[in-house]
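For reference, the structure is listed below as structure tokens.
The values are calculated or read from the model by the stated rules, or taken from the named source; none is laboratory data. Quick caveat: nothing in here was measured; it's all calculated off a predicted structure. Positions of Cβ are backbone-derived with ideal geometry, glycine not excepted, and every protein chain shown enters the neighbour counts.
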Amino acid sequence: MSGKAVWNRHGGFRFHTASGRSREPPAVLGSLRPFWGASGRSHERRGVVGQTATVTVKKLTGTDAFVITDLPDAETADGVVRCARKVLQDGARTMARSRTYSWALLEQQISGASAGVNATDDRDAALRTFVDELSGEIGSGRLALDPGKGVTTEDLAAWAELDRRSPEHTGRRDDLLAAGIVAAADVAVGGVAGASVAIEGAGASGSAIAAAFGAADAEVVSTGDGPDVLRDAADVLVCGSRLGLVDHQVAAALPQRAVVPCGVAPVTAKGLAVATGRGIVVVPDFLSLIGPLLGFRPDAGSSTESLLVDAAERVRTVLTDVIGHDEGAYLGACYRAEAFLRTWQETLPFGRPLA
């Protein structure tokens, strides 16, 4: 379900996430077997054909930090950088994989990336060293990183003149994100006008997301971080404060009709299975988050308004296409992304973007 099904010597399946962890599938995942390979034939015991590519982890020399590139042979890698006392590489791999799948849905040959700065003492000094050491890659266009948790735009200010991306990417990021999220919710519940929405973990993007729902005649009934918001009665749950927020136990009690991520991989493999079994539409995070990517290097003549329209239309088109998939919207979107990845990758990255 979450990337690769492996038949073990005990005669059962285990499912692999992008982090490399394996987990026994819950019963409701039985309907998701077999997986389909590039040939179109089923491979019940082998899982997804060709998912053997490995990510690269670059460790910096001047500070305790790393950069993960999901597809090492890609000319450009794009993602986020986070800073904490300890940034786990497992989560970083999942974040990079999600971004790879987002770019694949947009049919762009760009790899996902994810960086972490482990700062136990002098955070500012650690980030300055990180920025200095990667300035060459940023300036060449080989790498693009946005600030994630624990990092501000000011921390990366030295890259401003080096960044090869359009100013639209950073200037309207929240609005582009909101446009895609509202479009996803609209498809997921069959019309967002008049619907109620709970927003969890949206951070600085929360006001833009709430405003976009309001403009679509939806009612935002609650906002905040953590489990309390997840329990609020609403038609739509927008969530994303952390990876793996919605596990199977949380999913079993969700009162909403649809889950639309505003952050990477907020739903676990078992959470996805339980929610889907209850008839809850879980929008893939790598679909709902593609809005800001349209501002990466937009076509000549694109305006802010045209990018906002494009963000909504891209999400709407893909979700409309996969929401009725026999194996659910998540796997439908995975297959669509993987079909494009196979046009330029000999092997697919191991595991799908689930926590």
Exercise. So, of the residues in the stretch 281-308 that are touching a Lys or Arg at 6+ places or on another chain (Cβ under 8 Å) and surrounded by fewer than 20 Cβ atoms within 10 Å (Cβ to Cβ), which turns out to be farthest from Gly191 (Cα to Cα)?
Worked result: Arg297
Problem set entry | Which numbered condition Ala311 fails, given (1) buried (at least 19 other Cβ atoms within 10 Å of the Cβ); (2) small (Gly, Ala, Ser); (3) free of Cβ contacts under 8 Å to residues at least 40 places away in the same chain | (3)
Exercise. What is the residue count in the stretch 240-254 for residues that are on the phi > 0 side of the Ramachandran plot and of a type in the set (Asp, Glu)?
Worked result: 0
Exercise. Can you pull out the residues in the stretch 224-253 that are touching a residue at least 12 places away in the same chain (Cβ under 8 Å) and more than 21 Å from the chain's Cα centre (by Cα)?
Worked result: Arg231, Asp232, Ala233, Ala234, Asp235, Ala252, Ala253
For this session: Could you figure out which of (1) closer than 27 Å to Ser222 by Cβ; (2) assigned by TED's automatic domain parsing to the domain that holds Gly190; (3) more than 14 Å from the chain's Cα centre (by Cα) isn't true of Val282?
Result: (3)
Exercise. Of these, Leu294, Leu319, Leu331, Leu307, which one is in a helix (DSSP H, G or I), in contact with a Leu (Cβ under 7 Å, 6 or more places away or on another chain) and over 30 Å from Gly271 (Cα atoms)?
Worked result: Leu307
Problem set entry | Conditions (1) in contact with a strand residue (DSSP E or B) (Cβ under 8 Å, 6 or more places away or on another chain); (2) more than 22 Å from Val55 (Cα to Cα): number failed by Ala269 | (2)
For this session: Scan (1) surrounded by fewer than 18 Cβ atoms within 10 Å (Cβ to Cβ); (2) in the same structural domain as Ala233 (by TED's automatic domain parsing); (3) over 25 Å from Ser303 (Cα atoms) for the single condition Ala198 breaks and write down its number.
Result: (1)
Exercise. Is there a residue in the stretch 333-347 that is in contact with a Gly (Cβ under 6 Å, 6 or more places away or on another chain), at pLDDT below 95 and surrounded by fewer than 23 Cβ atoms within 10 Å (Cβ to Cβ)?
Worked result: yes
For this session: Among the strands (runs of 3 or more DSSP E) lying completely within the stretch 62-168, list those that include at least 2 residues that are touching a residue at least 24 places away in the same chain (Cβ under 8 Å) and more than 18 Å from the chain's Cα centre (by Cα).
Result: 65-69, 77-84, 111-118
